[in-house]
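Beneath this line is the structure, given in structure tokens, with notes to follow.
The values are calculated or read from the model by the stated rules, or taken from the named source; none is laboratory data. Keep in mind the model is a prediction, meaning the values are calculated, not measured. Because the Cβ atoms are built from the backbone with ideal geometry, glycine has one as well, and the counts that use them run over all protein chains shown.
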Amino acid sequence: MIKSFKKHLGIFGTVGPTMLWLGVFLLIPLIYVIGISFLTKNAYGGVDFTVTLSNYVSLFQSEYGKVFADSLLLSLETTVICLLAGYPFAYIIANAPKKWKPFLVLLLMLPFWTNSLIRTYGWNTLLRTEGIINHFLQWIGVTDRPLEMLYTDGAVLLGMVYALLPFTVLPIHTSIEKLDPSLLEAAGDLGAGKVHVFTRVVLPLTMPGIFAGSIQTFIPSLGFFFISDMMGGAKTMYIGNLIKNQFLSARNWPLGAVLSIVLIVITLILMRLYTRVGSLEDMA
Amino acid sequence: MKKQRRVHEFKPGSVFYACLVYLFLYLPIFVVIAFSFNTSKMNITFEGFTLEWYGRMFENRQLMQSFFNTVIVAGVSTVLSVIIGTLCALGLYKFEFKLKNVLSTSLYIPIVIPELVFAIALLIFFTSLNISMNMATLIISHVTFSMPFVVITVRARLAGFDRSVEEAARDLGANEFRTFMRVTLPMISPGVLSGGMLALTMSLDDVVVSFFTAGPESTTLPLKILGMVRKGVSPDVNALSTLMIVGTIVILLTSTMIQGRLERKM
Amino acid sequence: MEQTRDKVIISLKNVDKSFEDERVVKRLNLEIEEGEFLTMLGPSGCGKTTTLRMIAGFEYPTSGQIFLEGADVESKKPNERDVNTVFQNYALFPHMNVFDNIAFGLVEKKVKKDEIRRRVEEMIKLVRLDGLEKRMPSQMSGGQKQRVAIARALVNRPRVLLLDEPLGALDLKLRKQMQVELKHLQKQLGITFIYVTHDQEEALTMSDRIAVMNQGNLEQVGTPEEIYNHPETKFVADFIGESNIIEGYIEEMDEDAIWVTMESGKARIGERGYRLEEMVYLCVRPENLKLSTEPIEGFRFRGQVKEHIFVGSVNKTMIELPNGQMLKAETPAEDELIPVGTVVNVYWNPGKAVVMRTAEEQIYNVIEQSVEIEGMTNDQIF
């Protein structure tokens, strides 16, 4: 009896705080989101306790369809560019001479340690009409008039790729590091050329890293409203900004909740696909 | 137990490509740092070197306030995350209980769902309880997303841990508490430290969650900058950002070195 | 057997241990005398390590009692027991150097600093690690780590030292050397050693007594000589050294001998105490098995020489019995070999064969015993 009491005390004393914390500040708020998505907004920007499905129905308005399409396309572009640019980069670092490697890995970590908004704000400075890049381009004579680079869709894509590239590279780098070099030698020994060693051994074995990297790029990109705030024009609306607006300017919380649930659903689908190839542990 | 990799030489193509990516990653950071020393008020061209902005920033009360808020939130939420998260990892390691799987899975929710969803969930939650946003709500939010990283990091450390070492301590006369203090804690300390570093990084890097859970008095430096970007940023912001970048890097670099030393010793 | 032993230091009474549904130690009764070197020998999973861990206090018996110097230790935690353990994988504290590892137990006992220093240094000398006080475990070889683990346990002057396959991770040469050192250390300090191993040779060379375990049962306890020459069960005969085990039954008996009839022949053995028609195993070590082209009195047992294998000091000869069973005989290398294909008479010196009851007979005995237990536990319940 005393033993089991002590054990329960032990369990409660160790995992209890976390359970309580996650219960109160994570699960309950998420339930609130689901709950509020079925309520009606009132004229004062608050919520009335009238249950309705109209928030879900309004998802099918064409304007939101465009927002979803634009957002998913942006996130997809971001992920693909990050993968294409990041994989070779991760591969080069992982195979760099021993002497250099710790330094190169550190260089990769540093941007992680710097606030992504501050980093992106640097791009804002660079891309301005009267900014450095335009000065440079005019000075070397590529153009005689400053180019409109900031506040375009391209600038948003650049900002997204920039902010998320480290998140793509790191899991890929880890999975390449884990690769047993003798496997590559074995493949070579068995007659595979360089290209085949890569496509038949390296690529399949680093797939978990590629998937983890893609997910860690794609999912946050859906919510990074501040990038489009800083880099984008008013022309294109993305889902992150749309949700943000429902809670700030438009004050339509039920609609914001529904849009958030859409994000959760997208995430769940992606995670479902992901857990077929990788484990959750690789995500952290 | 080092893996024997073949000796690799730099290939010119690889070097060029790697430099290009590093340039892409670092150019904006350099720009922020460079302009913090610029005599010109405009962030356009570099006109001359000055430390003026590093003095000026202290006069900007609001800016300094947001900087301190950032530091306080990061500090407090890291300490809380480390304590709660380490305890949780130990409990998960030591005990078997009914909700263990539920808990292990729940820990991944804040990691995988978009921050934005999680941020508005907290906004709705606090507002419905008539709690207005302040430092406390901000810290609570940060702990919620950074604590799972601590649990996972410490847990990974514990997983590679030989239980007989704890038994040896018991065998040599240490009671449960002494065993924890003299053996378990020192052995997981590298994991605790790297979990703490992750928590700190997450907190300092956060924009989305803070955006919704910070009150007017508890705004952070990144949020302050976000508010200023459209109107144009004054050079003292560059100075303060530089300070934050350098400060973060110094702290994390030191921790990494301490962690490396702890691990090498074992 | 008439050795005068000192008092019993550890006794296990009807100790049973189950992990979930698996019963890993079954009704174990064992007494360990003060100052002896007792080895618990058996294949992996036989329950020997679990028994050791119950004595140390890391596991608690599901039922039964353990007495340490006459006192029931059920309520005592590992840190409250006057025994120390040397772990299989050393379990050194990776964050402490050699000195601090060895001093760990003394610090817990709040021994004064200068005494700690004195005792630790003494131990370091004893296990010959002089000059390595400041080394971290990660910078040491397996043999050195092993010495630290032993010193760390012995410095506390335990009444009993438990060793859980301490030499398992070392290479053969080092293992042989450490066996000798451990035995010396035990003699020198006079501490009771309980040593767990699956290596029969190790057990035979080091122990005062060996307890052979199999599938949670204690098969036999005795001196190495008794275990080797007079195995009581087929398992012991088979597990320790090589044996020819032949099944048979008792057909005839007289005053001082029995005739065992086997599928392939008959032999007369100077044993008593068996029933007529009883099924038995006959167990003969290869070095005791002899071959002759002439008939031998008391044996009607023939086989065909199949193969000779030269293994350094001896020749191994394989003989096939009419029923297909292969027997092994060992002869000194210089002896003349009987040509392959010859049909020979197989025999042995009287007294060199061991007769034991077959498994069915043993099961029969066990059932009798367990009926007793059932009655006992029922009494306890009501």
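Numbers for the structure displayed
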read-out: Matching entry among C:ARG128, C:ARG159 (being assigned by TED's automatic domain parsing to the domain that holds C:GLU31 and within 23 Å of the chain's Cα centre (by Cα)); value: C:ARG159
read-out: Matching residues in the stretch B:225-241 - criterion: being aliphatic (A, V, I, L, M) and away from chain A (no Cβ under 11 Å); value: B:ALA239
read-out: Unmet criterion (only one of (1) more than 10 Å from every other protein chain (Cβ to nearest Cβ); (2) without any contact (Cβ under 8 Å) to a residue 40 or more places away in the chain) for A:VAL258; value: (2)
read-out: Helices (runs of 4 or more DSSP H) lying entirely in the stretch B:1-100 (those with 1 or more residues that are under 30 Å from A:GLU177 (Cβ atoms) and at pLDDT below 90); value: B:12-35
read-out: Residue in the stretch B:113-120 that is assigned to a helix (DSSP H, G or I), within 11 Å of chain A (Cβ to nearest Cβ) and free of Cβ contacts under 8 Å to residues at least 60 places away in the same chain present; value: yes
read-out: For C:GLU287: the one exception among (1) free of Cβ contacts under 8 Å to residues at least 12 places away in the same chain; (2) surrounded by 14 or more Cβ atoms within 10 Å (Cβ to Cβ); (3) within 30 Å of C:SER44 (Cα to Cα); value: (1)
read-out: Residue in the stretch A:248-261 that is part of a helix (DSSP H, G or I), at pLDDT 85 or above and under 16 Å from A:LEU73 (Cβ atoms) present; value: no
read-out: Hey, C:GLY190 on the phi < 0 side of the Ramachandran plot, in contact (Cβ under 8 Å) with a residue 12 or more places away in the chain and of a type in the set (Gly, Ala, Ser) or not; value: no
read-out: Matching residues, the stretch C:69-101, being more than 7 Å from every other protein chain (Cβ to nearest Cβ) and more than 26 Å from C:ILE32 (Cβ to Cβ); value: C:LEU92, C:MET96, C:ASN97, C:VAL98, C:PHE99, C:ASP100, C:ASN101
read-out: Which listed residue, of B:VAL192, B:VAL237, B:VAL209, B:VAL233, is in contact (Cβ under 8 Å) with a residue 40 or more places away in the chain and not in a helix (DSSP H, G or I); value: B:VAL233
read-out: The stretch A:56-82 - residue that is crowded, with 18+ Cβ neighbours inside 10 Å and touching a Gly at 6+ places or on another chain (Cβ under 9 Å) and, of those, farthest from A:PHE198 (Cα to Cα); value: A:SER71
read-out: Boolean, B:LYS224 is over 30 Å from B:LYS94 (Cα atoms) and outside any helix (DSSP H, G or I); value: no
read-out: Qualifying positions in the stretch B:69-81 - surrounded by fewer than 22 Cβ atoms within 10 Å (Cβ to Cβ) and β-branched (Val, Ile, Thr); value: B:VAL71, B:ILE72, B:VAL76, B:VAL79
read-out: Residue ranges of helices (runs of 4 or more DSSP H) in the stretch A:1-111 with at least 1 members within 11 Å of chain B (Cβ to nearest Cβ) and among the polar types (S, T, N, Q); value: A:2-22, A:62-94
read-out: Residues that are closer than 16 Å to B:PHE149 by Cα and within 12 Å of chain A (Cβ to nearest Cβ), drawn from the stretch B:57-76; value: B:ALA74
read-out: Selection count, the stretch C:149-182, where residues are closer than 20 Å to C:VAL111 by Cβ and either more than 13 Å from chain B (Cβ to nearest Cβ) or surrounded by fewer than 19 Cβ atoms within 10 Å (Cβ to Cβ) (or both); value: 2
read-out: Residue match in the stretch B:175-183 (condition: modelled with pLDDT under 90, part of a helix (DSSP H, G or I) and more than 10 Å from chain C (Cβ to nearest Cβ)); value: no
read-out: Restricting the stretch A:7-43 to residues that are farther than 25 Å from B:LEU80 by Cα and over 29 Å from the mean Cα position of the chain (by Cα), the residue that is surrounded by the fewest Cβ atoms within 10 Å (Cβ to Cβ); value: A:ALA43
read-out: Positions within the stretch A:199-215 being surrounded by fewer than 24 Cβ atoms within 10 Å (Cβ to Cβ) and within 12 Å of chain B (Cβ to nearest Cβ), in sequence order; value: A:ILE215
read-out: Yes/no for B:THR39 being more than 11 Å from every other protein chain (Cβ to nearest Cβ), touching a residue at least 12 places away in the same chain (Cβ under 8 Å) and touching a strand residue (DSSP E or B) at 6+ places or on another chain (Cβ under 9 Å); value: yes
read-out: Helices (runs of 4 or more DSSP H) contained in the stretch A:149-241 and holding at least 2 residues free of Cβ contacts under 8 Å to residues at least 40 places away in the same chain and out of contact with any helix residue (DSSP H, G or I) (no Cβ under 6 Å at 6 or more places or on another chain); value: A:153-178, A:181-189, A:194-197
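Yes or no, residue by residue, for (1) modelled with pLDDT under 85; (2) farther than 20 Å from C:MET279 by Cα; (3) exposed (fewer than 15 other Cβ atoms within 10 Å of the Cβ); (4) charged (D, E, K, R):
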| site | (1), (2), (3), (4) |
| --- | --- |
| C:LYS316 | no, yes, no, yes |
| C:GLU334 | yes, yes, yes, yes |
| C:TYR364 | yes, no, yes, no |
| C:VAL371 | yes, yes, yes, no |
